[in-house]
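These notes concern the structure reproduced below.
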Amino acid sequence: MAEPTQQSSPADPPGPTGYGWCAWHQGHAWGVRLIRIDERGHHLACSSCRQAYDLVPLADRP
Ligand SMILES: [Zn+2]
């Protein structure tokens with residue numbers, strides 16, 4: 001019996017980037033980052049909206 005040398009994860013890890021809803025252009029996009037959290041929920045923005053609106057992801061702030 002051969003043992004697998006590497007394990008494949010069945011699900012995508014909940015990383016800071018991924019596919020999600022961009023709250024700025026109101027659509028789904030890849031590479032969204034968490035920009036803001038308030039009482040209305042999590043606000044994610046895609047890379048193009050981050051450039052257009054000069055948004056800094058929460059994780060990139062000091
Ligand atoms: Zn966007």
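Tabulated data for the structure shown
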item: Inter-label distance for H42 and Y19, nm, one decimal - labels placed 7 Å from Cα along Cα-to-Cβ; result: 1.6 nm
item: Radius, Kirkwood style, for segment 18-60 when every pair of distinct Cα atoms is counted (Å); result: 10.0 Å
item: Protection proxy ranking of 49-62, 18-31 - average other beta-carbon atoms within 10 Å, highest first; result: 18-31, 49-62
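FYI, it's all coordinate maths here, none of it is from the lab. Just so we're clear, the structure is a prediction, and the values are computed from it rather than from any experiment. Don't worry about glycine lacking a Cβ; one is built from the backbone with ideal geometry, like all the others, and counts go over all protein chains shown.
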